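Asks: This is the structure I have questions about; it appears just below.
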Amino acid sequence: MAPRQEGCSCGGEVFAKQIAVVMERSVRRFPAESRALGIGRSMIALAQASILVFTPASHLFVPVGGDEITIDCSTPVQGVSLYCLAGSADRQLLNILVLALLLIVASGILPRYTTVLHFWASLSIGQSVSLPDGGDSVAQVVTFFLVLACANDRRRWHWQQPTGEEGKGSIPQGLAWAGWWGVRLQVAYIYLNSALAKLSVGPWAEGSATYYVARMENFGAAGLFADLFRWATGITLIALLSAWGTIFAEGLIALFLLRGGSRQMVAATISACLHVLIILQLGIISFGFIMLGAVICAASRGIDANAPRLKSLLSHTRSSPGASHSSMPTDPEPTGKTDAVKLGS
């Protein structure tokens, strides 16, 4: 029995060492600077800013359950909110300050440092606003991981091309790798949890959920296309496809975010289609763009690696529409960039 236990122990150590080598290689080859990640960050910040621009403080801080308009600052997390730290300051003025922070973040300046401001602004909104939506909670978690994901981004603007000067073996490099994986896992979990939760709800399981949602009094179809969506969901086949299609799309987004390369780009495309339809139907604009921005952040390395290839293929197709399939470039991607996606995905 003893030799067998020693063999198992040695095998476990070898396996652990192999995992450590793979992770170290993945961290070293991980591209810590990403333009797609910058797009996602700006989208989340602008979506949050839209809440403060179009909603006065009197509508964000309202009595709940008959209590006075007070902000709960009892926990340490709530206590670091700007609205708690500022005490009795005018809340509309504080909204303007948070709005300014979000616009600075959206500009893309110094991503390594403004991610901290973004997390603080997200925490202040999510912990202090009386009537938050689901997007506020998502933004809090995603912006926390973005603090880590941008730890090794040394550019002045996140719109710049990656410099490739980041320290590959440094601690910030490891933090960036871990932060991006945190975003991927969290966003994938949100979509997978949403898809699985719908399966246990009667109207979603039977395919009639979108019919009822479109006709809800306070949360139904609204805006220019309200009548169109009510008419469309009144058709049985469309109602079934829209309900089950939503579940299927959410499951695909979760799956593809955990895969590498072009699948991450597909996840972002599906998310864009899904949330644009939700925005057109229900009008919840800030939530939709926060979720889309979170998906773009999670899929950023796949987008960075495959966007040039897609652009090259499209430009080649436009310039020579009559060219044969064999004349198209087989792999316009640089080899190093492909390796980075495979090992860092």
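The values are calculated or read from the model by the stated rules, or taken from the named source; none is laboratory data. Remember, predicted model here, so these are calculated numbers, not experimental data. For neighbour counting, all protein chains shown are included, and Cβ atoms are generated from backbone atoms with ideal geometry for every residue, glycine included. When the accessible area is computed, the model is the full protein with side chains, heavy atoms only, and any ligands, DNA or RNA have been set aside. Shrake-Rupley method; radii C 1.70, N 1.55, O 1.52, S 1.80 Å.
Asks: Does Ala222 fit the bill of being open to solvent by less than 50 Å² (accessible area, probe 1.4 Å) and outside any helix (DSSP H, G or I)?
Replies: yes
Asks: What are the residues in segment 225-263 that are hydrophobic (A, V, I, L, M, F, W, C), open to solvent by 50 Å² or more (accessible area, probe 1.4 Å) and at pLDDT 90 or above, if any?
Replies: Result: Leu228, Trp231, Ile235, Leu237, Ile238, Leu241, Trp244, Phe248, Leu255, Leu258.
Asks: Further question: Of the conditions (1) more than 15 Å from Val77 (Cβ to Cβ); (2) open to solvent by 20 Å² or more (accessible area, probe 1.4 Å); (3) in contact with a Gly (Cβ under 9 Å, 6 or more places away or on another chain); (4) among the aliphatic types (A, V, I, L, M), Ala149 clears all except one; give me its number.
Replies: With respect to (1) more than 15 Å from Val77 (Cβ to Cβ); (2) open to solvent by 20 Å² or more (accessible area, probe 1.4 Å); (3) in contact with a Gly (Cβ under 9 Å, 6 or more places away or on another chain); (4) among the aliphatic types (A, V, I, L, M), Ala149 is out only on (2).
Asks: Residues Leu110, Leu37: which one is open to solvent by 70 Å² or more (accessible area, probe 1.4 Å), under 28 Å from Thr269 (Cα atoms) and in contact with a Phe, Trp or Tyr (Cβ under 9 Å, 6 or more places away or on another chain)?
Replies: Every option except Leu110 fails the conditions.
Asks: Among the residues in segment 185-203, are any in contact with a helix residue (DSSP H, G or I) (Cβ under 6 Å, 6 or more places away or on another chain), of a type in the set (Phe, Trp, Tyr) and surrounded by fewer than 21 Cβ atoms within 10 Å (Cβ to Cβ)?
Replies: Looking through segment 185-203, none of the residues is in contact with a helix residue (DSSP H, G or I) (Cβ under 6 Å, 6 or more places away or on another chain), of a type in the set (Phe, Trp, Tyr) and surrounded by fewer than 21 Cβ atoms within 10 Å (Cβ to Cβ).
Asks: Can I ask one more? Residue check: is Ala267 without any contact (Cβ under 8 Å) to a residue 40 or more places away in the chain and open to solvent by less than 50 Å² (accessible area, probe 1.4 Å)?
Replies: yes
Asks: Being among the basic types (Lys, Arg) and modelled with pLDDT of 90 or more: is that true of Arg215 here?
Replies: No, not satisfied.
Asks: Taking into account only those residues within segment 286-303 that are more than 18 Å from Gly182 (Cβ to Cβ) and either modelled with pLDDT under 90 or under 10 Å from the mean Cα position of the chain (by Cα) (or both), which is surrounded by the fewest Cβ atoms within 10 Å (Cβ to Cβ)?
Replies: Checked segment 286-303; the qualifying residue surrounded by the fewest Cβ atoms within 10 Å (Cβ to Cβ) is Phe289.
Asks: Return the pairs, sorted by first residue and then second, in which the second residue is part of a helix (DSSP H, G or I) and of a type in the set (D, E, K, R), the first residue lies in segment 199-225 and is in contact (Cβ under 8 Å) with a residue 24 or more places away in the chain, the beta carbons are less than 7 Å apart, and the residues are 6+ apart or on different chains.
Replies: Trp204/Lys198; Ala214/Arg230; Ala221/Arg230
Asks: What about Arg309, is it in a helix (DSSP H, G or I), at pLDDT 85 or above, open to solvent by 70 Å² or more (accessible area, probe 1.4 Å) and of a type in the set (Lys, Arg)?
Replies: No.
Asks: What number goes with the only condition from (1) at pLDDT below 85; (2) open to solvent by less than 60 Å² (accessible area, probe 1.4 Å) that Ser42 does not pass?
Replies: (1)
Asks: Got a sec? Which of Val98, Val77, Val105 is in contact with a His (Cβ under 7 Å, 6 or more places away or on another chain) and part of a helix (DSSP H, G or I)?
Replies: One residue alone meets the criteria, Val105.
Asks: Check Gln161, Gln127 and return the single one that is open to solvent by 50 Å² or more (accessible area, probe 1.4 Å) and within 15 Å of Leu110 (Cα to Cα).
Replies: None of the other options fit; the residue is Gln161.
Asks: Now for a different question. Kindly evaluate Arg155 against the criterion of being at pLDDT 90 or above, over 21 Å from the mean Cα position of the chain (by Cα) and either buried (at least 24 other Cβ atoms within 10 Å of the Cβ) or more than 14 Å from Ile44 (Cα to Cα) (or both).
Replies: yes
Asks: Mind listing whichever residues of segment 142-159 are under 19 Å from Leu103 (Cβ atoms), touching a Lys or Arg at 6+ places or on another chain (Cβ under 8 Å) and among the hydrophobic types (A, V, I, L, M, F, W, C)?
Replies: Residues satisfying the conditions are Leu146, Cys150, Trp159.
Asks: Can you pull out the residues in segment 130-146 that are in contact (Cβ under 8 Å) with a residue 40 or more places away in the chain and surrounded by fewer than 20 Cβ atoms within 10 Å (Cβ to Cβ)?
Replies: Across segment 130-146, the qualifying residues are Ser130, Leu131, Asp133, Gly134, Val141.
Asks: Could you please give the count of residues in segment 164-184 that are among the small types (Gly, Ala, Ser), in a loop (DSSP other than H, G, I, E, B), open to solvent by less than 50 Å² (accessible area, probe 1.4 Å) and in contact with a helix residue (DSSP H, G or I) (Cβ under 9 Å, 6 or more places away or on another chain)?
Replies: Summing the residues that are among the small types (Gly, Ala, Ser), in a loop (DSSP other than H, G, I, E, B), open to solvent by less than 50 Å² (accessible area, probe 1.4 Å) and in contact with a helix residue (DSSP H, G or I) (Cβ under 9 Å, 6 or more places away or on another chain) in segment 164-184 gives 1.
Asks: OK, next. Would you be able to say whether some residue in segment 45-60 is modelled with pLDDT under 90 and part of a loop (DSSP other than H, G, I, E, B)?
Replies: Checking segment 45-60: at least one residue is modelled with pLDDT under 90 and part of a loop (DSSP other than H, G, I, E, B).
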